[in-house]
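See structure below.
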Amino acid sequence: MSFWPKSRKARTRLTVLLAVAPVLALAVGLALFGLRDSISLFYTPAQAQEAHVKPGRKVQLGGLVQRGSVVKHPGGDVDFVVADHKASAKVTYHGDLPDLFREGQGIVAEGSFDPNGVFVAKQVLAKHDERYMPRDVAKALKKQGEWRGEGASAPSYGSQKP
Amino acid sequence: MITELGAFALVLSLMLSVAQTGLSAVGGARRSPVLAGAGRGAAVAAFVAVAVAFAALIHAFVVSDFSVANVAGNSHTAKPMLYKVAGAWGSHEGSMLLWCLVLTGYGAAMAAFGESLPPRLRAYALAVQGALGVLFLAYAVFASNPLARLLEVPVEGRSLNPLLQDPALAAHPPFLYSGYVGFSVVYSLSLAALIEGRVDAAWARWVRPWTLAAWSLLTVGITLGAFWAYYELGWGGWWFWDPVENASFMPWLIGAALLHSAIVTEKRGALPGWTAFLALAAFTFSMLGAFLVRSGVLTSVHAFAVDPTRGVLLLIMMGLAAGAGFLLFAIRAPSLNPGGQFRAVSRESAIVLNNILLSTATAVVLLGTLYPLIREAMDGEAVSVGAPFFNLTFTPLMVLAFAILPTGPLLAWKRGDARGVARKLWVVLAVAALLGLIAYGIVQPRKALASGGLALGFWLLGGALLEIADRLKLFRAPAAESFRRARGLPRGAWGATLAHAGLGVFVLGASFETAWRVEAAQALSLNDSQTLGAYVLTLTDIGTVEGPNYLAERGVVRIVDKAGRLVCRAEPERRFYPTGAQTTSEVAICPRPLDDLYVVLGERRAGEGGKPAWLVRAYVNPWVRLIFLGPLLMAIGGAISLSDRRVRLGVGRRAREVVS
């Protein structure tokens with residue numbers, strides 16, 4: 001083969017390059033594909049309304065749990081409302097909420113909107129720290145002037161005492 | 001008084017680290033044994049001083065001295081003693097002090113036990129290690145003093161986050177940090193060799209034991225963390241691809257790559273530049289991990305002790321250390337001797353491929369971890385990158401790596417015999433494929449990908465077994481001959497095989513558990529039942545218990561199998577910690593030989609007919625034991641290799657004759 005270099009060093013280099021190239025190509029291809037399809041965008045309720053998120057599209061919805069909105073049905077279904085300063089969205093979730101889920105607390109729900117505009121959550125995240133506000137929520141709320149500071153005490157609702 | 005002594009010792013250790021850097025550097029440059037010896041003394045003294053400071057902090061926690069800000073913020077008089085002590089490293093300041101303790105500890109170890117290193121390399125390495133010490137100790141002294149006092153002393157502390165009050169998590173940071181910071185030694189050795197302009201086989205021989213030690217400890221640390229997430233968070237999972245987890249996983253991957261490339265450099269003198277690069281990269285990823293975890297720039301569900309204000313400082317420190325390292329590398333790398341040649345089919349090639357795949361995988365994990373930051377900087381959009389991305393990108397790369405893994409140890413150095421290896425391995429391949437097909441056939445519901453994962457696990461496990469059988473000539477030679485060979489086989493070989501087998505065990509567990517986990521959740525009143533796979537769960541009793549610093553609601557769940565035989569009585573708890581008003585779930589786990597029955601008690605709610613009911617969430621986690629057993633085997637394999645005389649001492653001595 002004429003393109004095969006003569007010097008041993010150059011040949012080694014070319015061999016290594018030939019080994020690295022397909023792996024890198026595979027990795028880049030997968031990464032680009034993954035970044036297009038398997039990441040989820042984060043919205044607050046107001047942003048979700050503006051963006052007209054398509055039903056069924058997997059997104060994250062973050063905001064404060066509106067006080068007095070939590071309804072627990074027998075059988076494990078929970079309904080609540082996540083709100084920011086401008087808008088709110090109904091959320092329904094089946095399962096056990098995180099221990100730190102409280103009214104007034106910032107949370108992030110993962111899931112999608114159904115055709116009626118109700119957010120069906122597959123997972124609800126509240127960090128394991130009483131002073132915690134998910135960063136995206138904090139940021140979005142700061143923009144809207146709803147921010148009360150990292151140290152703001154989480155309003156407690158219905159005693160969690162056994 | 002003791003606290004002041006500790007604070008003084010901390011400042012002293014900073015001064016001693018400055019002295020260590022200066023004395024060692026000058027001692028190395030002038031080839032002065034006296035100055036280099038003084039540098040070693042300073043290294044040991046710096047470690048002793050940090051140890052005193054750390055002991056003072058632990059003392060403050062043990063006696064609940066709330067005049068110390070750190071204690072007031074993270075301790076409580078009612079906390080059990082173990083967690084008072086663990087609280088010392090449960091906070092931002094305390095964890096950075098632990099980092100410094102380990103960092104100076106490794107420096108002292110190099111000073112005290114590194115006789116087999118060439119004097120100059122050792123002096124330079126200690127100088128670099130000292131400089132790292134100066135960087136991090138200065139941070140501890142000026143920006144995050146763990147022993148700072150409060151002007152107004154509170155009566156009671158704010159307590160440690162209850163989720164952290166757990167034995168596995170008490171041990172998690174020390175192991176993790178011993179691993180993270182262990183790579184600092186490799187970094188120092190690498191920089192020292194680059195300063196000297198000599199990165200060769202002898203150098204790789206000294207890099208290997210430190211890499212092995214750091215990597216094994218990091219393996220234990222990550223496994224403890226995953227185990228904690230598994231049984232404490234109550235989500236039934238053990239890995240979430242959370243930024244904090246990735247932060248610890250990236251140095252592990254690079255460490256694994258380094259372990260292998262260092263072998264090539266040691267045995268064959270090849271790839272010296274690449275090995276030096278990985279050595280620098282491993283510690284850079286450790287520092288990146290510390291920065292990501294401690295600064296809170298990324299949204300994580302379980303990052304603790306976060307302090308965004310000091311993140312910038314950590315970033316600057318990381319930039320300094322990594323920048324200096326890679327700059328020197330860029331200057332020196334072109335002049336490095338490329339070393340031994342090898343053919344396309346050889347053990348070197350297999351290891352090069354392993355390195356390409358491991359470092360590409362690390363890059364992919366890095367991209368996924370930092371992508372939210374990149375995206376936010378680019379178009380202000382907030383995104384989250386979760387498990388789907390990593391499953392899609394990371395897993396295929398690992399599948400490739402696992403596919404070639406068993407061939408590596410069977411190939412000869414320099415020029416391998418592909419046909420010979422194929423002749424040996426086809427049996428393993430056939431058996432693994434058959435077992436995968438059987439799994440596809442009998443395990444319901446049918447899952448092709450997971451069955452493939454099982455086949456891959458059996459392939460790794462079988463490959464490891466075959467390799468050892470091949471080396472011992474098992475069944476091909478008389479038993480006595482095999483036994484003699486087994487005794488003669490170096491421990492390094494046993495360790496490597498055990499680690500590879502451990503990886504196979506892990507892949508089996510991870511594939512099976514992820515694909516065939518069974519979950520059930522239902523609100524149960526007293527004496528209600530729900531089915532969970534092949535089991536029936538009945539909530540038979542519920543009561544309250546009072547713990548040392550919490551109140552708990554405890555349920556009794558009777559688990560019987562389909563035949564009605566009692567399998568176990570699970571007693572999950574839901575704990576309320578009045579300090580901080582936090583509730584946690586205490587999962588009840590019924591261990592079967594390989595599987596776990598995993599029961600979580602939810603909160604009380606109104607059930608049917610107004611009766612109180614509790615949400616009982618339960619999982620069958622099949623083969624989950626293997627997930628934690630596998631990494632443990634890998635760590636033990638690392639420890640066995642480390643105990644190999646050739647790795648530890650002997651060869652180092654012999655090599656010095658060659659070098660100096």
### B:L434 vs. criteria at pLDDT 95 or above and touching a His at 6+ places or on another chain (Cβ under 7 Å)
no
### Message
Looking at B:G564, B:G607, B:G555, B:G533, can you tell me which residue is over 30 Å from A:E103 (Cα atoms), more than 32 Å from the chain's Cα centre (by Cα) and in contact (Cβ under 8 Å) with a residue 60 or more places away in the chain?
### Response
B:G533
### Task
Select from the stretch B:556-590 the residues that are closer than 16 Å to B:Y619 by Cβ and within 11 Å of chain A (Cβ to nearest Cβ) and list them in ascending order.
B:S585, B:E586
### Query
Before we move on, is B:G182 out of contact with any Asp or Glu (no Cβ under 6 Å at 6 or more places or on another chain) and on the phi > 0 side of the Ramachandran plot?
no
### Summary
Per the filter on the stretch A:1-20, residues part of a helix (DSSP H, G or I) and either more than 10 Å from chain B (Cβ to nearest Cβ) or among the hydroxyl-bearing types (S, T, Y) (or both) are A:A10, A:T12, A:L14, A:T15, A:L17
#### Entry: Of residues in the stretch B:235-287 being of a type in the set (F, W, Y) and more than 30 Å from B:A588 (Cβ to Cβ), the one modelled with the lowest pLDDT
B:W274
### Query
If we scan the stretch A:64-84, do we find a residue that is within 9 Å of another protein chain (Cβ to nearest Cβ) and surrounded by fewer than 13 Cβ atoms within 10 Å (Cβ to Cβ)?
no
### Task
Evaluate the stretch A:47-57: report whether one residue or more is in a helix (DSSP H, G or I) and within 7 Å of chain B (Cβ to nearest Cβ).
no
### Matching residues in the stretch A:58-67 - criterion: being free of Cβ contacts under 8 Å to residues at least 60 places away in the same chain and either closer than 15 Å to B:L615 by Cβ or not in a strand (DSSP E or B) (or both)
A:K58, A:Q66
### Task
For the stretch A:107-118, indicate whether the set of residues that are more than 9 Å from chain B (Cβ to nearest Cβ), more than 20 Å from B:P388 (Cβ to Cβ) and at pLDDT below 80 is non-empty.
no
### Query
Within the stretch A:34-45, is even one residue more than 7 Å from chain B (Cβ to nearest Cβ) and touching a Pro at 6+ places or on another chain (Cβ under 6 Å)?
no
### Summary
Reported set for the stretch B:377-393 where residues are assigned to a helix (DSSP H, G or I) and more than 9 Å from chain A (Cβ to nearest Cβ) is B:A377, B:M378, B:D379
### Query
Among the residues of the stretch B:147-158, is there at least one that is in the same structural domain as B:A45 (by TED's automatic domain parsing), in contact with an Asp or Glu (Cβ under 7 Å, 6 or more places away or on another chain) and not in a helix (DSSP H, G or I)?
no
### Criterion (at positive phi and in contact (Cβ under 8 Å) with a residue 40 or more places away in the chain) met by exactly one of B:S64, B:S95, B:S116, B:S75
B:S64
## Note on the structure
If you go through B:S286, B:S261, B:S216, the only one that is within 14 Å of chain A (Cβ to nearest Cβ), closer than 25 Å to B:F394 by Cα and touching a residue at least 40 places away in the same chain (Cβ under 8 Å) is B:S261
### Query
Restricting attention to the stretch B:409-426, does a residue exist that is within 11 Å of chain A (Cβ to nearest Cβ), within 25 Å of the chain's Cα centre (by Cα) and over 25 Å from A:G62 (Cα atoms)?
no
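The values are calculated or read from the model by the stated rules, or taken from the named source; none is laboratory data. Everything quoted here is computed from the prediction, not taken from an experiment. Virtual Cβ from ideal backbone geometry, glycine too; neighbours counted across all protein chains shown.
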